[in-house]
Amino acid sequence: MESLRKLLTPPKKHQKKLKWLWYAFAAPFVFIALMLIWAFFSDLPSLQELENPKSNLATEIITADGQIMGQYFRENRVNVAYKDLNPNLVNALIATEDERFYEHSGIDIKALFRVVKGAITANSSQGGGSTITQQLAKMLFTEKPASNIARVSQKFREWIISVRLERRYTKEEIITMYLNRFDFVNNAVGIKSAANVYFNKTPDQLNLEESAMLVGMAKNPALFNPRRRIEATRQRRNVVLYQMKRNGYISEEQFEKSKNKPIQLDFQLVDHNQGSAPYFREYLRKTVSDLLLEKDALGNYKYLNPETNQPFNIYKDGLKIYTTIDSRMQEYAEYAVGRHMSEFNQPEFFKDLKGKKNAPFDYRVSQEDIDRIMEMAILRSDRYQNMLDEFENCGEGCKRSAAEIEQFKKTAVPKAFNKKVKMKVFTYQGEKDTVMSPLDSIRYYKSFLQTGFVAMEPASGFVKAWVGGINFKHFKYDHVEQGSNQVGSTFKPFVYAAGIREGLNPCEQVPNLPVCFDMPNGQPPYCPKNSDGKYGGVVTVKEGLAKSLNTVSAFIMKRYGPDPIIKLARDLGITADMQAVPSLCLGVADINLLEMVAANAAFANKGVYVKPVVISRIEDKNGKVIYTNVPETREALDEQTAYVILDLMKGVCNYGTGARIRYDRPYGRIVAPVAGKTGTTQSNSDGWFVGITPDLVAGCWVGGEDRSIRFSRTSLGQGASSALPVWGYFMNKVYADPKIKISTSDFKRPSNLTIDLNCTQVNAEIQADEAGEPDFTE
C-alpha cells in the first residue's frame, strides 16, 4: 500500500507544477460559479417583471368591419398568440436557432461545449450557443453592454433569466414571445408586423418560403434585409430550409422545390402619410390622446393603466381602438374624391387659370391682398421655420437681437424664397422632380383645389367614411373637421325648417321678387338677388328650396327673423359663429363639414340630433374594455317638420339644383330616393353638396386653400358641378356592394302628418321639366 502511494505521488519537483495545472483547470469552473452567484444576487427581473415584461406595443385602429386600418406606435409591434403562428414559422425557428429547444431548460450544454470547441480550434462554423430562451432574455431584460467585460457578466445574467423564463412559461409561450419581440427592420417589430410589412399577410397565412425568409432574418436583420440585399436574403432563407430538412420538418422534395423559388415581396410601407383614412387617423390620434387624459370630478385620471398607474399611452400600451369607419365605404370615399378631383375638378381649374392675371388667385383680387396671403403662407411654411430656427440658434453664447432677426426676415428670407432649387412636388400622377423657387412652389400648391368628404349613419351617428383632403402627405389640413367654410345655400334647409316649425306651409305661394331688409346706420337696404338674376311670378315654398331661390329664403327670414333659425342650428349641433343678420338666410356663416353633415342627418333621424361618433370602444392589450362610447343625442325638431324638410330636399334632387344625379353622368345615375342640397358661395369660392338617404348621410365641400382661389364660371364652381359628383361616385359604389346593407326605400312618412305636400304648381313644374335635363344654378 505504501509503495502504491509512493508510486502515485509525483516527485516533489513536479508537485508544484501539478498544483498549478489543477488551478488552471479549476479556474474556469470557479469563475463560472462565482459569476453565476454574482449574477443570481445582482439586479435581476422580479417575478412580476417576468410575468409582465416592459414593452412598446403598437395601438391598433380597427374598422367596424374588423379591418386594421393603421397603428400608433414607437415600435410597430402587435402581439399574436401561439395559435396564430403558422407551424412553418415555429419549425423553421427551432430548426435554425435551437435544435434541442424542447429538450433543454433554457441552457443547451451541448451547444456550449460546441462553441468552446470551436473557439479552441478557431472553427467559427461550429455555430452559436445561445438558445431561443437566452435570445429572448437578451431582448427582454438587458441593455447593450458598454464593454466586453460587461458582455461577459451580462451573459451569466441571461443564463439565470433563461432558466427563470423556462420555469414560468411553456415552450409555446417562449416561442411566441420571441417572435413577438424580434425586430425585423423596416418598421416591422414582431412577427405580425413583419408578415404584414413584407408579405401583406397575417402570420398564420405565411407559406413555407415566407416563413423561412423571416426566420432567416433573425441571424442579422440588417444584413439579410430583403429590400436591400435580396440575393443574400434568399441564400439565408435556403440555409433555413436546409436546416428544416435536416431536422425532418420538410422532405427532400419540398426542400428542392422551395430553394429554387425567388423571394416575392408584397411590401407595405409603414408610413403615417400612407394607407387608408390618414386624415381620420390623425383626427383619431388627437381625440383618443385627449380622451385618455380626461379626469373625473375629483381630479383623478379616468383611464389608468394598472401596470404603470399612469394614463394609458397610445404609443406603447397596445390598445385596440374600435372605430365606426367601414373599410369598404372608406375605400369608396377615397376613390370618389380621387377620381372626380383628378379627372374633372383639377384639370378644369387649371384650364380656367391658364393665362389669367394673378393666377391662381382670382383676377378681381387686389395685389395688396395677394401679397398678404403669400406672406402668411411663407411664415407658415416649414422652410421658413427651419431657416429662422437655424439663424436664431447660432451657437452657445450667441444671441440674436430683435433688429438682427427683423433684418434677416427682410433680406435673407426673400432671397431664399426667390432662388430656384431642386424639389419634389405633388401631382395627381405622383411626385415629380422639378426646379422652382419656394415662392413659386407656394403658388403652385395653392392652385390645387381642396376637398372634404364625410359620411355617417343618421340613427347611430356612426361616421362611416372620412376624407379630409386630396393628399395627406402634401396637404395636412383636414377639411372635414378643421376647416370651416362659408356654407352658402346648404344652410337653407335650416331656414326652411325654422319657418315650417313656426307655421310656414310648404305649399304657400311666395312672390319671386327681391325682398329688402332695412340696415342700420344709414346703410342701403339689403336685397338678396337670385343667382340667375331672374324674377317674376309666384313659386311655392317647396319650389323655392328645390331651385335654391334666394328670394324665398329672404322671404322666410323677413317673416320669422334670424333668432328661430339660429336656435334650430344650435340644436342641430352647429357651434360656429352665426350673426343675427339678414344674410344668414343665404349661408354666410363659416361651418365645418362634419357639423353640416350631422345637422342634416337629424332630418333623416326623425328630428333627433346625434353627435358624430368615431369610436365604438377601446380595449387594453388584454382585451379588457376601458372605454365605451355613449352617444350624445337630443331632439332638435319634431318628426313632422323633419319629414317635411326631407320632402322639400327630395325636390332638390328630383327637379332642382341637384337633379343631375338622376341623369346619366360619369359618376352614374342614382335611382333610389335621395334628399339633398347643393351650395355655392359668392364668386364660386365654395361648392357644397349634402345628400341624405334613410341609412346614410354624406356631404362634400370643394374649394381653394384661400377664398380668393376659385372658378371664374358658375357652371364649374357651383356645388352641383364641383361637389355633387363626389357624392355620386361614392353612393353608386355603396349601392353596388352587396356586403353593405343600405336601404333603397323611401323615407318613412309620419302617420300623424296632416300637411299636404302635393303642391299643384310643383307637380306642374316637374311635368314640364321631364322633357329635358334641368340645369338650375344657385
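Between rounded, prolate and oblate, where does the range 533-638 land on the alpha carbon gyration tensor, with a ≥ b ≥ c its root eigenvalues, rounded for a/c under 1.5, else prolate if a/b exceeds b/c?
Numbers: a/c = 3.10, a/b = 2.74, b/c = 1.13.
Because a/c hits 1.5 or more and a/b exceeds b/c, the range 533-638 counts as prolate.
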Of the candidates Tyr643, Ala580, Pro666, the farthest towards the positive dipole end of the chain (Lys/Arg Cβ +1, Asp/Glu Cβ -1, centred on the Cα centre) is Pro666
Would you work out what percent of the accessible area of the chain, with all protein chains in place, is carbon or sulfur (probe 1.4 Å)? 51 percent
At 25 °C in a medium of viscosity 0.890 mPa s, the range 614-701 has a Stokes-Einstein diffusion coefficient, with Rh taken as the Kirkwood radius over alpha carbon pairs, in µm² per second, of 153 µm²/s
Gap separating the Cα centres of the range 492-507 and the range 598-655, nearest whole Å: 21 Å
Between the range 544-560 and the range 266-282, the alpha-carbon center distance in angstrom: 45 Å
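How many Å² of accessible area per residue for the chain, probe 1.4 Å?
Working: 37990 Å² over 778 residues.
Ligands and nucleic acids excluded, the figure is 49 Å² per residue.
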In the neighborhood of Gln486, defined by Cβ-to-Cβ distances under 10 Å, what is the net charge if each Lys or Arg adds +1 and each Asp or Glu adds -1? -1
How far is it, in nm, from the label point at Val630 to the one at Arg167 when both lie 7 Å from their Cα along the line to the Cβ? 4.8 nm
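Mean separation of Cα pairs under 8 Å and 6+ residues apart, divided by the residue count of the chain: what relative contact order is that in percent?
Numbers: 1328 pairs, mean separation 90.0, N = 778.
Once normalised by length, the contact order is 12 percent.
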So, for the Cα atoms of the chain, Rg and Dmax in Å stand at 35.4, 142
Mean separation of Cα contacts under 8 Å, 6 or more apart, over the residue count of the range 392-538: relative contact order %: 10 percent
Name the aspartates and glutamates eligible as straight-distance cross-link partners of Lys492: C-alpha to C-alpha under 13 Å, and not fewer than 8 places from it in the same chain. Glu543, Glu778
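Where a ≥ b ≥ c are the square roots of the eigenvalues of the C-alpha gyration tensor, would you call the range 435-531 rounded, which needs a/c under 1.5, or, failing that, prolate if a/b is larger than b/c, or oblate? Mind dumping the intermediate values first?
On the way: a/c = 3.45, a/b = 1.53, b/c = 2.25.
It comes out oblate by the Cα gyration axes.
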In debye to the nearest 20, how big a dipole does the range 267-332 give about its Cα centre with +1 on each Lys and Arg Cβ and -1 on each Asp and Glu Cβ? 20 debye
Apply the a/c threshold of 1.5 to the C-alpha gyration tensor of the range 233-370 and tell me whether it is rounded, prolate or oblate. oblate
Taking the Cα centre as origin and putting +1 on Lys and Arg beta-carbons and -1 on Asp and Glu beta-carbons, what dipole magnitude results for the range 158-245, to the nearest 20 debye? 200 debye
Could you list the trypsin sites (Lys or Arg not before Pro) in the range 283-354 that lie in coil according to DSSP, counting only those with at most 15 other Cβ atoms within 10 Å of their Cβ? Lys302, Lys354
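What dipole magnitude, in Debye to the nearest 20, does the chain give about its Cα centre under +1 on Lys/Arg Cβ and -1 on Asp/Glu Cβ?
On the way: 101 positive and 89 negative charges, 870 e Å.
About 4180 debye.
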By residue number, which cysteines of the chain lack any other Cys whose Cβ falls under 4.7 Å from their Cβ? Cys585, Cys653, Cys700
For Ile742 and Asp204, calculate 0.36 nm times their separation in residues minus their Cα-Cα distance, and state this gained length in nm to one decimal. 190.3 nm
Find how much the distance from Arg228 to Leu293 grows on full extension, using 0.36 nm per residue of separation minus their present alpha carbon separation; answer in nm with one decimal. 19.2 nm
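The values are calculated or read from the model by the stated rules, or taken from the named source; none is laboratory data. Quantities reported herein were computed from a predicted structural model and do not represent experimental measurements. FYI the Cβ positions are ideal-geometry reconstructions off the backbone, even for glycines, and counts take in every protein chain you see. In case anyone asks, the SASA skips ligands and DNA or RNA and just uses the protein heavy atoms, side chains included. Shrake-Rupley method; radii C 1.70, N 1.55, O 1.52, S 1.80 Å.
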